Amino acid sequence: MDERVLAVQRIQDYIEKHLYEEISLAQLAEVSLYSPWYSYRIFKEFTGLTISDYIRKLRLSKSALKLRDEKVRIVNIAYEMGFKSVDGYQRAFKKEFNCNPYEYAKQPIPIYLFNPYGVKFRYKEVEKMERTKNVFIQVVNKPKRKVIIKRGVKATEYFEYCHEVGCDVWGLLTSIKGIGGEPVCLWLPEKYRKENTSTYVQGVEVDANYQGIIPEGFEIIDLPEGKYMMFQGEPFEEENYGEAIEEVQEAIKKYDPSVVGYRWDEENPRIQLEPIGTRGYIELWPVK
């Protein structure tokens, strides 16, 4: 892999680890193993953001989640996030999310959070990981619920969807407090699709009685109570997410649910969770 990509990734990792501390360009240069000037240049080249903009966006998004989920004072969170004044924090929050942090804390609305994707995942060389040794399977019950979704056009998987819709949808969905604690990707059966829209969508599951805001360009669908067979692979190195997905999906293709008294339910959507290395890749397939 390009050494510059690895250098930028080291900077990203350092920022994530020390986000609530003072971070200097000299410290980041030391981590990158390049000069401060060259570190600044390659970071902008590979992330599309200056280092200061990257840190600001990440801090603001972290603060938004705190405002959504915790009872915190604006003054405390402003200084915790490294802002010199409450006014400065408010102006930055307003500019980033087009709403005031006081208003957002009282009534959180969907906002586009910043997702700091690691550059090494974008520029990863193709290499084969050791084959997954185990895929763990269990049956889980899903309650009756609604899903706020953004439709694509022809997408059948993540990268096609990102090309059609954009990759920032996930940040907006993350800002919505869902029943599962995280957004989901779904493969929709025909009855949930509209003409000239994609099979693959991203969304967030919310309570069946959800009365909150539906972001512009999104819509809400109802899903019934049902059983799902959850397939979970072993933990993996984050840069090997592609192979981890492939391994689990290959195992699912070979699996016959009738051995435990079920059959696939083709009237409900399949569900994909975000590939997170520490927990393994997860897909849920509906069964009867």
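Quick note: the coordinates plus some simple rules give every number you see, no bench work behind them. This one's a predicted model, so the numbers in the text were calculated from it and none came from an experiment. Here Cβ is always computed from backbone atoms with ideal geometry, including for glycine, and neighbour counts include all displayed protein chains.
The local environment of Val31, defined by Cβ-Cβ distances under 15 Å, has a net charge of -2 under the rule Lys, Arg +1 and Asp, Glu -1.
Taking every Cα-Cα distance in the chain and sorting them into 5 Å bins from zero, the calculated P(r) comes out as 1, 5, 10, 13, 15, 16, 14, 11, 8, 4, 2, 1, 0 percent.
Between Ile137 and Ile179, the C-beta separation translates, for a Förster distance of 22 Å, into a calculated FRET efficiency of about 0.45.
Pairs of alpha-carbon atoms within less than 8 angstrom and 6+ residues apart define the contacts here; what relative contact order does region 188-288 have, in percent? Can you show the working numbers first?
Numbers: 115 pairs, mean separation 35.3, N = 101.
Here the relative contact order equals 35 percent.
The local environment of Gly152, defined by Cβ-Cβ distances under 12 Å, has a net charge of +2 under the rule Lys, Arg +1 and Asp, Glu -1. Each Lys or Arg adds one and each Asp or Glu takes one away; over the other residues whose Cβ falls under 14 Å from the Cβ of Met229, this sums to +3. Within a straight-line Cα-Cα reach of under 25 Å, Lys146 can be paired with the following lysines, leaving aside sequence neighbours fewer than 8 residues apart in one chain: Lys66, Lys106, Lys154, Lys177, Lys191, Lys194, Lys227, Lys288.
Which of rounded, prolate or oblate describes region 3-106 when judged by the alpha-carbon gyration tensor and an a/c cut-off of 1.5? Cα axes put region 3-106 in the prolate bin. For the pair Ile221 and Gln107, the difference between a 0.36 nm per residue extended length and the Cα-Cα distance amounts to 38.8 nm.
By the count of other C-beta atoms within 10 Å, a proxy for reagent exposure, Thr47, Thr197, Thr156, Thr278 are ordered fewest to most as Thr278, Thr156, Thr197, Thr47. Scattering from the C-alpha atoms of region 135-287 alone, worked out with Debye: what is log10 I(q)/I(0) at q = 0.17 1/Å? Debye curve over Cα of region 135-287, log10 I(q)/I(0) at q = 0.17 Å⁻¹: -1.06.
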